[in-house]
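Working notes, structure below.
Nothing in this text is a laboratory measurement; each read-out follows from the coordinates by a stated rule. Here the structure is a predicted model, which is why all the values come from computation and not from measurement. Don't worry about glycine lacking a Cβ; one is built from the backbone with ideal geometry, like all the others, and counts go over all protein chains shown.
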Amino acid sequence: MKKKVLQLIMSIFIILFFIFGIGPLMDNLPFIKPMITFIEDRNIDASALYYTEIEEFSEADIFMNNTMDYQPKKLLNNNKNN
């Protein structure tokens, strides 16, 4: 019984560490910071489940889809055809 209670307490601690420790550190990562700035500038409630009525969300969705589809690629050979 004590072992299970200890495991529960440790599990809760680990979850809280990720929420309040690791999570805030990730806010400054270069690929996350633009999204955070966009959300804060437009006062979007990021905890909402659906964004269907927010115009900015559709713009952000298009931007993120384009970012994922058209990522910069490193050229293996410059002027490959030359």
Self-check item: Simple spin-label estimate for Ile9 and Asn66 in nanometres, 7 Å along Cα-Cβ
Solution: 5.3
Practice problem: Evaluate the distance, in nm, between pseudo-label points positioned 7 Å from the Cα of Leu16 and of Ile39 along their respective Cα→Cβ axes. | Solution: 2.3
Quiz item: Under a point spin-label approximation (7 Å from Cα along Cα-to-Cβ), what is the Ser47-Met1 distance to one decimal in nm?
Solution: 3.6
